[in-house]
Every structure is written in structure tokens, then in C-alpha cells.
Amino acid sequence: MIEQIGRYRIAGELGRGAMGVVYRAEDPTIGRTVAIKSIRLADLSDSRERDRLRARILHEARSAGILSHPGIVTIYDIAEEGDLCFIFMEFVNGTTLERLAASGQLPAGAGLIEIFRQAAAALDYAHKRGIVHRDVKPANMMVDTAGVVKITDFGVAHFVSQDMTQTGNLTGTPSYMSPEQIQGHPVDGRADQHALAVIVYELLTGERPFAADSLPALVYRIVRDDAAPAHRINSTLNAGVDGVLRKALAKDPAARFASCTEFVNAVSAALATAHGWKPLLPGTVASMPTVALPGPVRPLPVLPAPPPPPAPRGRSGSVFRGILVGLLAGIAALAFALWIPRYWSDRPAPVPAAKALPEPKPAVITETRPQPVEPAPPPVTTTTPENTPPPDENQVEPVKSPEPAKPAPAQTYSVKILAEPEGARIELDEAALSCTSPCTIDLSPGRHTLRARQDGYRDALKIFEVPRNTEVKFMLSELAGQLIVRTNPTGATVYLNGKQQNQKTPAVLTVPVGHYRLILVREGYSRQEDNIEIRDGAISNYEFSWVQ
């Protein structure tokens, strides 16, 4: 192993990639721990390609070096030695999001959403300065021991993943690339948003939205196919989450969200309506057991073979069959001719019995035309005089209409509604009914819609069915923005409205909307106070330098 690169002493190896090694090193001058990423230029056999790659490394490293954000790994320096390029960057004491997902150590609920929020804030910061990452993926997202997300390889990863394809060594995976990037079109921050949406989809369902057995098939799916609905893979999600992901994964960049933060806010709001949601581990769907049939499959019965056709008969047999067929046809024609007049007669008369035959009297053929069926009248006891003629059989007596039955009272079910925090105003079925949570309300069977409102929180929407759901629980998502506080020198304690925060500067804080009194305290320096406002979904940057 290399013991020293420039003035930096190598302390160990952090990882290996297709193009080089990442080392942990110490800067003896200022006692700082750094990470050194090496890139082998010798992997390109064409000298012109090596020169082009070298120039792009220098250009992109300078571009990434201007980014100063708590969520972006800082690039300190760049050097070249022989056929190796070295990039000196901030050391992150943590692990990648990829390893966290693979080991099942991802935080659940609000912790996972916070990872999405921090990543979105860092990406939007770079996009506002005209820099696009182009290779956002879980392996390029670090999570340190304090839970702070830092995106690495800004300005470095994309030229490796693009130029190295010319040697046949495709580094990383194109699963996170946007359709416009794969097709070679100009890209902007919405390409990184597409990659972030792929990550969110993957962490929620355990599956990537686009997968294939070969690179050409994968490219085709990303450019042409739509991802499977996320809530069909993970039943704890809902259609609202899938609608947000579908928008961020749109083939047309113009159809996506305006920023990564807007996308994550929409995901957070949709997940707030999916009570009890939880992410799936990678490979969960593939490892599910196949459902077996309830019993052994019985073979189909073997049918006996049909008898062979009779052998052809001679001429005499053919003549006999002809006579028999003619006789039967004549009898059928005669019967039809006798039956037709009786069928169409208005008042059919009974057919008298033949005297020459001793058979019993044949049944009377009645008229077969359909008659309207009317309900039988209720029985009425009457006395008919003997001299009263019998009633006409064809005369229809008026039928008394039965009294309408009284409708049975509609059945209702008691539904308990629980919201966290309590005190939310609950509106059911477009405000037809309302209550304040926690509450119990009687609802008829069927589908119902619920909207919860509370000051300081986003509206929550939920659809449920009665009587299947007799208890409805959900959590309200707090209206919040992100506050980034940087000081020179660093290490200042942050207070908001008198409450000490758990991070020192540089600090990335998720703060409920509202007005705050910001106080910065650092030993040896004067106390700094200021008023700030936090808006929903917005990123507020606050910087302060003490002058000695």
C-alpha cells in the first residue's frame, strides 16, 4: 500500500472502485484527516483521451471546489503523479446510504425523510450555482455518525461514468440516470432530481424502478417504460406516494418538480397520509415464497376413443335410408301444417278425441303467446248467488296495490379517529361531518374521505372503508423549512428562541415555520443575535464571521 501522497500520510484504505482506490490520510501540517481519491489515467489507451480526461478532472474539481455546503463533501486539492490523479477531499466518519440499505440499518419514518430532505437541500444548493452532479446514487451519499448526509463526487463522478465507457469499463450503474442523460441531451438539476426519485423509490420498495438483464434493455426501459406503481410493491404505501414518484420520474424534465426540495416535500406529505408505512429491505419481494396449490394436481381422465365409423353399405341400404328419410320429412311437414293455424288462432278450440282410437282424450293446446304477469290479489271472501253467472275467464279483475314497505333504518358503525398530534379538525366526506380528534363518529357502510387540518401542519388526506376500518390513525406532517448556519470560525452553539440545538456550526437544521430569535455562542467571541423567518419547504442560509 502507498505510504504517502504528497505531504499526506496514508492511514488506511476506505474503498476501491473500478478506476482507483480511496484512502484515508492525515495532513501533518494542520492535523486534519482527509480522504484521497485516486483515478488511473492509464486505463485509457488513447493518449488524446487521457489528456481530455485530465483536463476535465481539473475543470470539474475546480467547479466542485467552489461548493461550500454542509451537505456536500468539500474538495481541498487536486494533484497528478505519473498516470494517477489524486483528489483530496473532506473525510466523512460514516458509511454510504447504499451500505445502510443493504444492512437493514436505514432509519424509519421521519429519520428516512430527513435523509431525503438533506440530500435535496444539497443538490438544490449546487443547482442554483449551475453545477449538476449527474451521478447521484446511494453509493455517493454518505451518512455520518451524527446523521448528517453528505453527497460526494460532485463534479468527479459524471466524467468517470461517461468517459470510461469508451474503454468498455462502465463504472457504477446507469440505473439512476435520467432519460435525457442517457440520450446525450443537455441536462440540468432535474436530472439529479430524477436520480433522487429513483433512490426514494428503491429505499421505499426495496426494488429499483427500472431493471433489466442487459444494458441495452435497461436503457430502453429508462427511456420508454414507466415504473411499476410503488404501492403495488409495498402495500404500506398508497397511491398518493406513487403519484409523487411518477411526477419526479417523468420522461420529460419539464414535467418534474421545480426543485429537489419540492419533490421531497411532496413525498413527505404523501407518506403522512399512509399511516404505518415502512420501507422494504432490498430483495424483499424476490424472497417472498411462492404460494403452492392446496392439493396435488389430479391427471385428467382418459376418455375412451370414439368407435370407428361404420363401413359403407351396399346400394340396397342407401335406397332404404332414402325412403325412411322421405317418410319422416312428410310426417313432419303434415304436423307443422296442422299446428300453425291453431297457434295463430285467437281463441283455440279443444281438439276432439278421435272416435276410432281408444286412446284417452288428448290435452287441449293452449295459446302460447306471453301474457303480462300480474301479482295475485289478496284473497277476498265473497258470497255468490246461485243465479249469478260465473265470471268471464278473460275478464281481469282490478288488483289492489300493496302498501309500500317501510324502509329499514340504515345501519351505521362507530369509527374512532386518532390524529397525532391531537386537536386536529377532522372533515369527513367534503365537510359533511366534522369533529376534533380524538373523536368517534357514526358512519354508514361504504367509502369515506377524511381531511385533517391543524395550524402549523400540512393537511392530511385519507380514504377508508366502513365497516372494514373502524379505527383510523394518522400523523400530521409539520410545516417546516431548512436552516443552514455557518460561522467563521466553526463550532458555535446555535440557539433558536432560547432552545439549544443539537448541532454546532456548520449546522443543517429542520425547523418548524415561524419567526425565531437566532443566537450564536462561541467561546472567546462575542454573542451574536439576529431575527430569522423559516418558511415551509424553503432553505434559509445564515452566515456570520467574527472579526478578532
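A few remarks follow.
- Within the range 111-151, being closer than 19 Å to V22 by Cα, open to solvent by 20 Å² or more (accessible area, probe 1.4 Å) and in a loop (DSSP other than H, G, I, E, B) holds for one residue alone: K137.
- Residues that are open to solvent by 60 Å² or more (accessible area, probe 1.4 Å) and either over 17 Å from V73 (Cβ atoms) or modelled with pLDDT under 80 (or both), drawn from the range 32-41: R40
- Among residues of the range 7-21, those that are surrounded by fewer than 17 Cβ atoms within 10 Å (Cβ to Cβ) and modelled with pLDDT of 80 or more, counted: 7
- Residue within the range 457-465 that is within 23 Å of V149 (Cβ to Cβ) and either assigned to a strand (DSSP E or B) or among the aliphatic types (A, V, I, L, M) (or both) present: no
- Considered as a group, the residues in the range 466-479 that are part of a strand (DSSP E or B) and at pLDDT below 80 include one that is least open to solvent (accessible area, probe 1.4 Å), and that residue is F474.
- Enumeration of residues in the range 421-444 that are under 16 Å from H275 (Cβ atoms), surrounded by fewer than 13 Cβ atoms within 10 Å (Cβ to Cβ) and touching a strand residue (DSSP E or B) at 6+ places or on another chain (Cβ under 7 Å): none
- Every residue from the range 243-263 that is of a type in the set (D, E, K, R) and surrounded by fewer than 20 Cβ atoms within 10 Å (Cβ to Cβ): R246, K247, K251, D252, E262
- The set of residues from the range 505-524 being at pLDDT below 90, touching a Gly at 6+ places or on another chain (Cβ under 7 Å) and open to solvent by 20 Å² or more (accessible area, probe 1.4 Å) comprises P512, V513.
- Any hit, the range 191-206, residues being closer than 28 Å to A126 by Cα and charged (D, E, K, R): yes
- Residues in the range 196-216 that are over 23 Å from R99 (Cα atoms) and in a helix (DSSP H, G or I): L215, P216.
- Qualifying residue in the range 184-198 (condition: of a type in the set (K, R) and either within 11 Å of the chain's Cα centre (by Cα) or surrounded by fewer than 22 Cβ atoms within 10 Å (Cβ to Cβ) (or both)): no
- Identity of the residue in the range 84-110, in a loop (DSSP other than H, G, I, E, B) and crowded, with 16+ Cβ neighbours inside 10 Å, that ends up modelled with the lowest pLDDT: L106
- Candidates P282, P296, P307: the one that is outside any helix (DSSP H, G or I), under 30 Å from I463 (Cα atoms) and modelled with pLDDT under 90 is P282.
- Scoring P389 on the criteria (1) surrounded by 10 or more Cβ atoms within 10 Å (Cβ to Cβ); (2) modelled with pLDDT of 50 or more; (3) farther than 30 Å from G514 by Cα leaves a single failure, condition (1).
- Taken together, V143, V132 contain a single residue that is under 14 Å from L67 (Cβ atoms) and touching a residue at least 24 places away in the same chain (Cβ under 8 Å), which is V132.
- Residues considered: R453, R447. Of these, the only one that is of a type in the set (K, R), closer than 21 Å to A270 by Cβ, open to solvent by 60 Å² or more (accessible area, probe 1.4 Å) and at pLDDT below 85 is R447.
- Residue within the range 217-225 that is outside any helix (DSSP H, G or I), open to solvent by 10 Å² or more (accessible area, probe 1.4 Å) and modelled with pLDDT under 95 present: yes
- Count of the range 527-548 residues, restricted to those that are at pLDDT below 90, assigned to a loop (DSSP other than H, G, I, E, B) and more than 20 Å from A121 (Cα to Cα), is 3.
The values are calculated or read from the model by the stated rules, or taken from the named source; none is laboratory data. What you see is a predicted model; the values in this text were computed from it and never measured. With ideal geometry, Cβ positions are generated from the backbone for all residues, glycine too; neighbour counts draw on all protein chains shown. Note: accessible area is taken over every heavy atom of the protein model, side chains too, but ligands, DNA and RNA are not part of it. Shrake-Rupley method; radii C 1.70, N 1.55, O 1.52, S 1.80 Å.
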